[in-house]
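Below is one structure, written out as C-alpha cells, with a few remarks after it.
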Amino acid sequence: MLKSLKDCFKLYNGIEIPCVGYGTYLTPNGKTAVDSVKEAICLGYRHIDTAAAYENEKSIGKAIKECGIDRKDLFITSKLWNSDQGYDSTLKAFDKTMSDLNLEYLDLYLIHWPIAKGHENDWQIMNRETWRAFEKLYDQGKIRAIGVSNFKPHHIDSLMQTAKIAPMVNQIELHPGMNQNETVAYCNQHNILVEAWGPFSQGMLFGLDLLQAIAAKYKKTIAQVALRWHLQKGILPLPKSVTPSRIAENADIFDFTLSDSDMLYIDNLDGRIGSGLDSDECAF
Ligand SMILES: NC(=O)c1ccc[n+]([C@@H]2O[C@H](COP(=O)([O-])OP(=O)(O)OC[C@H]3O[C@@H](n4cnc5c(N)ncnc54)[C@H](OP(=O)(O)O)[C@@H]3O)[C@@H](O)[C@H]2O)c1
C-alpha cells in the first residue's frame with residue numbers, strides 16, 4: 001500500500017522510483033520552472049519528469065541544486081528528442097541534457113517517441129541504434145534505468161530483436177477515459193513499469209461530469225480520484241501543474257482508497273477522451 005509521494009514502485013533492475021512524478025511539459029523555462037519544481041519538492045514530490053523537448057532542463061537543474069534535498073533522494077527523468085535518434089547523436093544529446101540539468105547522472109532516460117519525423121520507413125533501425133547508445137550509457141553508470149515512451153507492443157518487440165537490456169519503463173498517455181489495456185497488459189507481462197502522461201487528459205478530464213459523483217463521494221477532487229485510480233492499477237502518474245494549490249492538491253491522495261466498484265466504473269469510461277495522438281501516425 002503506497003502511503004506517500006516518497007513511496008516507490010520497483011523496476012525490474014531493482015531501482016526504486018517514487019510513485020508519483022511531477023510533470024513539466026509546457027512549464028516555461030525560467031522563474032516558473034524553478035519556483036514550481038522547488039514548490040513540488042518542498043511538498044514532498046521526489047520524482048521530476050522532463051525532456052529535452054520541453055526546453056526547461058536548465059531551470060529544472062537550478063531548482064534541483066537549490067531545493068535543499070540530497071540529489072540521491074530525487075529521481076530525475078529526461079527524454080531523448082526525435083531529431084537526436086541514432087547512436088552518436090544520442091550520446092551527444094545525452095551530454096547536452098546532463099549539462100543543461102547540471103547533473104552527474106540521470107535516474108531514467110527515455111526514447112521520447114518510436115517514430116521520428118523522416119524515419120517512417122527505417123524507425124526500427126533508428127530505435128535499435130538509439131537503444132545501443134542507451135545501453136552503453138547504462139553500462140557506464142550514467143543512467144540508472146532506461147526506457148521508452150509512446151511505444152506500442154510492436155515497437156517494443158522490434159527493439160527487442162537486438163536489445164541486450166529490456167526497457168524498464170514505458171511512458172504512455174493514460175488516464176480515466178483512456179485505459180490503454182493492450183499496451184498495459186503487454187508491459188505487465190514483460191515487467192515494464194507503465195507511467196501515465198496526461199493523467200488529467202491535459203485538462204479534458206475536468207469536463208467529464210461522470211467523475212464528479214465519485215469525487216463527491218470521497219470528498220476529493222476529480223484530479224485526486226484520477227491519480228488514485230492510476231496508483232491502484234499499479235500505474236505511475238505524472239501530474240503537471242505550475243499552480244501551488246494544485247501541486248498540493250495532487251499530492252494529497254494517500255488518505256483514501258477507491259472501492260473495487262468505483263475502480264470498475266472508471267475503467268468503463270474507456271474511450272471517452274484522449275489527445276487523439278497515435279504513435280504510429282504522428283511523426284514529429
Ligand atoms: N512522453 C510524452 O510524450 C509526454 C507527453 C505529454 C506529457 N508528458 C509528461 O506527463 C506530464 C503530464 O502531462 P500533461 O502536462 O500533458 O497533462 P496533465 O498533467 O494531464 O494536465 C495538466 C493540466 O492540468 C492542469 N491541472 C493540474 N492539476 C490540476 C488540478 N488539480 N485541478 C485542475 N487543473 C489541474 C494544469 O494546469 P496548471 O499547470 O496551470 O495548474 C495543466 O493545464 C507532462 O507534464 C510531462 O512531464 C509526457
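Key figures
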item: Test: residue in segment 230-246 that is part of a helix (DSSP H, G or I), touching a residue at least 24 places away in the same chain (Cβ under 8 Å) and within 15 Å of residue 198 (Cα to Cα); result: yes
item: Selection from segment 114-143 of residues that are assigned to a loop (DSSP other than H, G, I, E, B) and without any contact (Cβ under 8 Å) to a residue 12 or more places away in the chain; result: 121, 122, 140
item: Cross-chain or 6+ apart pairs with Cβ under 9 Å, segment 185-197 first and open to solvent by 60 Å² or more (accessible area, probe 1.4 Å), then part of a helix (DSSP H, G or I) and among the hydrophobic types (A, V, I, L, M, F, W, C); result: 190/156; 190/160
item: Residues of segment 151-182 that turn out to be assigned to a helix (DSSP H, G or I), among the hydrophobic types (A, V, I, L, M, F, W, C) and surrounded by fewer than 17 Cβ atoms within 10 Å (Cβ to Cβ), as a count; result: 1
item: Test for residue 225: is it within 8 Å of the ligand (Cβ to nearest atom) and at pLDDT 95 or above; result: no
item: Residue check for residue 251: at negative phi, open to solvent by 10 Å² or more (accessible area, probe 1.4 Å), within 11 Å of the ligand (Cβ to nearest atom) and not charged (D, E, K, R); result: yes
item: Scan of segment 42-63 for residues that are in contact with a helix residue (DSSP H, G or I) (Cβ under 7 Å, 6 or more places away or on another chain) and either closer than 21 Å to residue 144 by Cβ or free of Cβ contacts under 8 Å to residues at least 40 places away in the same chain (or both), ordered by number; result: 46, 48, 50, 52, 56, 57, 59, 60, 61, 63
item: Qualifying residue in segment 204-221 (condition: more than 11 Å from residue 20 (Cβ to Cβ), touching a residue at least 40 places away in the same chain (Cβ under 8 Å), crowded, with 21+ Cβ neighbours inside 10 Å and not hydrophobic (A, V, I, L, M, F, W, C)); result: no
item: Any hit, segment 267-283, residues being modelled with pLDDT under 95, more than 10 Å from the ligand (Cβ to nearest atom) and part of a helix (DSSP H, G or I); result: no
item: Any hit, segment 203-213, residues being away from the ligand (no atom under 14 Å from the Cβ), on the phi > 0 side of the Ramachandran plot and at pLDDT 95 or above; result: no
item: When residues of segment 1-14 are limited to those that are touching a residue at least 40 places away in the same chain (Cβ under 8 Å) and within 16 Å of residue 254 (Cβ to Cβ), the one least open to solvent (accessible area, probe 1.4 Å); result: 5
item: Any hit, segment 120-142, residues being surrounded by 18 or more Cβ atoms within 10 Å (Cβ to Cβ) and within 14 Å of the ligand (Cβ to nearest atom); result: no
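The values are calculated or read from the model by the stated rules, or taken from the named source; none is laboratory data. None of these values were measured; they are calculated from a predicted model. For neighbour counting, all protein chains shown are included, and Cβ atoms are generated from backbone atoms with ideal geometry for every residue, glycine included. Each accessible area value is taken on the protein alone, full model and side chains, heavy atoms only, with ligands, DNA and RNA left out. Shrake-Rupley method; radii C 1.70, N 1.55, O 1.52, S 1.80 Å.
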